[in-house]
Structures are given as structure tokens and as C-alpha cells.
Amino acid sequence: MSDDPQTTPELQAHRSWRRWPWGLIALGLALLSFWGIVLIVGMLIGSGMCLPSGDDPCVDAMPHLIAVWVAEVLTISGGFIAAVLAWRWNRGRVTASLALILLSLWVGVLLHDPLSLMNAQMHAWGWSWAL
């Protein structure tokens with residue numbers, strides 16, 4: 001409850017989301033993000049097992065992959081936002097820090113290959129990151 005006598009019960013009910021366990025929410029979104037990538041890898045492996053004979057129907061996996069990547073971006077950004085809220089409102093700082101560590105490592109793993117390919121392409125063009 002608030003110490004402010006002007007606060008109405010409707011306003012207090014409106015602020016109830018501040019009492020949520022934001023650290024656990026961030027950790028849950030970090031783990032959900034990990035399982036989303038496991039789903040993406042499983043879909044890629046499954047779509048690569050299609051026989052070229054033409055008798056069995058091959059399913060185009062691209063719309064499903066795009067949907068899972070969008071969900072991945074949403075869970076990663078939601079995890080970062082929930083971790084920041086947990087730190088700001090002191091609602092599970094330990095689990096929020098664990099979620100931030102997991103999400104940071106996970107984003108680094110996801111961006112490693114695209115960034116290394118971009119770096120190799122820039123070196124092929126004669127550009128360099130060093131100043």
C-alpha cells in the first residue's frame with residue numbers, strides 16, 4: 001500500500017505489476033529464448049531431411065523459421081527489459097543478473113557467425129576494422 005492518502009484503490013490495483021517477480025520473469029524468458037533456438041535448429045535439421053524423389057511432400061520451412069526468429073527477438077528483448085525492471089524495483093536482482101548473463105552470452109553466440117562473416121567479407125573488399 002502507498003503512504004499517499006490521495007491514492008485510490010483503482011490506482012493501487014493499476015500499479016500491481018510493480019510487485020511482480022521481474023527477476024524470475026527475466027530468467028524464464030532467457031530460458032525460453034534458449035529453447036526457441038533449439039526449435040529453430042530442429043526445424044532446420046528436419047527440413048533438410050526431405051528426400052528429392054518427389055513422392056513425399058516437402059514443407060517450406062521459411063515462414064515457420066521467420067515466425068520463430070521473431071519470437072526469439074521478442075523473448076530476448078523482453079528478457080532484457082524484465083531484468084532492467086527487476087534491478088530498478090529490486091524484485092529479484094540475483095535472478096535478473098543471472099538472466100542478463102545468460103542473455104548476453106546467448107546473443108553473443110547468435111551474433112558470432114553473422115559478424116564473423118561480415119568481417120571476412122569486409123577483409124575481402126580490402127576494408128579493415130583497425131584505424
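The values are calculated or read from the model by the stated rules, or taken from the named source; none is laboratory data. Predicted, not measured: the structure shown is a model, and the values here were computed from it. Please note: Cβ atoms are built from the backbone with ideal geometry, for glycine as well, and neighbour counts cover all protein chains shown. These area figures cover heavy atoms from the full protein model, side chains too; ligands, DNA and RNA do not enter into them. Shrake-Rupley method; radii C 1.70, N 1.55, O 1.52, S 1.80 Å.
Restricting attention to segment 115-126, the residues that are assigned to a helix (DSSP H, G or I) and either open to solvent by 90 Å² or more (accessible area, probe 1.4 Å) or within 20 Å of residue 75 (Cα to Cα) (or both) total 3. For segment 89-96, the criterion of being within 21 Å of the chain's Cα centre (by Cα) and modelled with pLDDT under 85 is met by none of the residues. Residues in segment 84-114 that are surrounded by fewer than 14 Cβ atoms within 10 Å (Cβ to Cβ) and outside any helix (DSSP H, G or I): 90 only.
When 81, 25, 76 are checked against the criterion of being modelled with pLDDT of 90 or more and open to solvent by 100 Å² or more (accessible area, probe 1.4 Å), 81 stands alone in meeting it. Being open to solvent by 70 Å² or more (accessible area, probe 1.4 Å), part of a helix (DSSP H, G or I) and at pLDDT below 65 is a property that residue 14 has.
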